[in-house]
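A quick write-up on the structure given underneath.
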Amino acid sequence: MPEEEKRPAETRALHPKPRYMQVLFFLFILPVLFFWKAILKRVQKKPFFISIGIISVIGWIWSAFLSAMGWWAFQPPFLMGIWITPWLPLEEFLFYPFGGILCIFLYNFCSSRFQKNKSPADTWTLLGAGNLLFLVLSLYSRSETPSYLYSQFIVYNLLTLALAPFIVRTIHLPALSVPIVLMGVVGFFWDHAAFKYNWWVYNTDTKIRFFFVPLDDFNFFIFAPSAAISIYINLCRLYKLPPAPSHP
């Protein structure tokens with residue numbers, strides 16, 4: 001364990017280590033800045049920017065609500081110390097737009113390279129199986145009151161299900177799996193370090209954990225990217241534009 005992590009919390013507070021911002025910068029902000037021109041070539045700009053705005057507002061409200069309820073807490077020694085609102089640190093404020101940008105870009109980039117899903121049933125199967133799995137596991141942990149997971153059901157799972165009927169015939173399931181898998185892998189290792197070294201704390205999760213990572217976050221890895229991409233595809237449908245512009 002790093003030496004600074006061994007020190008008492010009150011001592012670490014005098015020597016803050018902005019771990020959240022460091023990880024966010026190298027895994028999200030820097031790739032977006034580096035690929036920005038390529039990103040803009042791969043998306044429909046108006047639906048894209050509106051989608052990022054919607055994704056960000058949803059994420060900010062959800063995150064601030066969880067913080068205000070005490071369902072999770074960010075540890076001050078590992079933050080920059082800049083708060084957008086009393087319940088929303090700068091790091092969390094930046095996570096949602098940059099995460100949404102990467103998810104939509106990865107989806108569009110891969111949609112022209114993979115074979116399209118053969119029928120809408122494939123998408124409904126994924127959505128149904130995913131929701132059923134996490135619902136059953138949340139009921140299994142009902143004595144722990146997993147409010148964090150239930151809040152995800154209300155925000156991300158239901159949003160994805162609500163938008164699915166409008167885009168189920170056009171969404172590209174193999175391409176959708178790429179940001180889900182990538183966010184899952186990145187999120188798993190990020191969460192593993194965060195919970196191991198106490199960067200943040202969840203107070204109402206399912207208590208089912210894999211290498212320190214709560215089950216609840218695996219639901220987030222699946223349905224947060226799905227909701228972001230569903231918003232973008234639906235806006236492209238409303239503007240009568242293909243999600244990915246024609247580029248060589």
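Here are a few things to note about the model shown:
- Selected residue (criterion: modelled with the lowest pLDDT) from residues of the range 6-42 that are assigned to a helix (DSSP H, G or I), exposed (fewer than 11 other Cβ atoms within 10 Å of the Cβ) and hydrophobic (A, V, I, L, M, F, W, C): ALA9
- Take the conditions (1) modelled with pLDDT under 95; (2) more than 27 Å from ALA175 (Cα to Cα); SER111 misses just one of them, which is (2).
Listed here are the residues, each with its yes/no results for (1) part of a loop (DSSP other than H, G, I, E, B); (2) among the polar types (S, T, N, Q).
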residue	(1), (2)
PRO174	no, no
SER177	no, yes
SER230	no, yes
LEU235	no, no
LEU241	yes, no
ALA244	yes, no
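- A single entry from PHE98, PHE166 fulfils the requirement of being farther than 26 Å from TRP190 by Cα, of a type outside the set (A, V, I, L, M) and surrounded by 14 or more Cβ atoms within 10 Å (Cβ to Cβ): PHE166.
- Against the test of being closer than 19 Å to ASN131 by Cα and of a type in the set (A, V, I, L, M, F, W, C), the options PHE223, PHE195, PHE212, PHE188 yield a single qualifying residue, PHE223.
- Pairs with Cβ under 6 Å, 6+ apart, first in the range 164-184 and within 19 Å of ILE101 (Cβ to Cβ), second outside any helix (DSSP H, G or I) and open to solvent by 20 Å² or more (accessible area, probe 1.4 Å): HIS172/LYS116; ALA175/PHE114
- Qualifying residue in the range 69-83 (condition: open to solvent by 30 Å² or more (accessible area, probe 1.4 Å), without any contact (Cβ under 8 Å) to a residue 60 or more places away in the chain and in a loop (DSSP other than H, G, I, E, B)): yes
- Screening ILE180, ILE222 for residues that are of a type in the set (A, V, I, L, M), open to solvent by less than 40 Å² (accessible area, probe 1.4 Å) and in contact with a helix residue (DSSP H, G or I) (Cβ under 6 Å, 6 or more places away or on another chain) leaves exactly one candidate, ILE180.
- Some residue of the range 192-204 being open to solvent by less than 10 Å² (accessible area, probe 1.4 Å) and either part of a helix (DSSP H, G or I) or closer than 25 Å to LEU40 by Cα (or both): yes
- Screening PHE65 with (1) assigned to a helix (DSSP H, G or I); (2) open to solvent by less than 80 Å² (accessible area, probe 1.4 Å) gives one miss only, at (2).
The values are calculated or read from the model by the stated rules, or taken from the named source; none is laboratory data. What you see is a predicted model; the values in this text were computed from it and never measured. Please note: Cβ atoms are built from the backbone with ideal geometry, for glycine as well, and neighbour counts cover all protein chains shown. All accessible areas refer to the heavy atoms of the entire protein, side chains included, with ligands and DNA or RNA removed. Shrake-Rupley method; radii C 1.70, N 1.55, O 1.52, S 1.80 Å.
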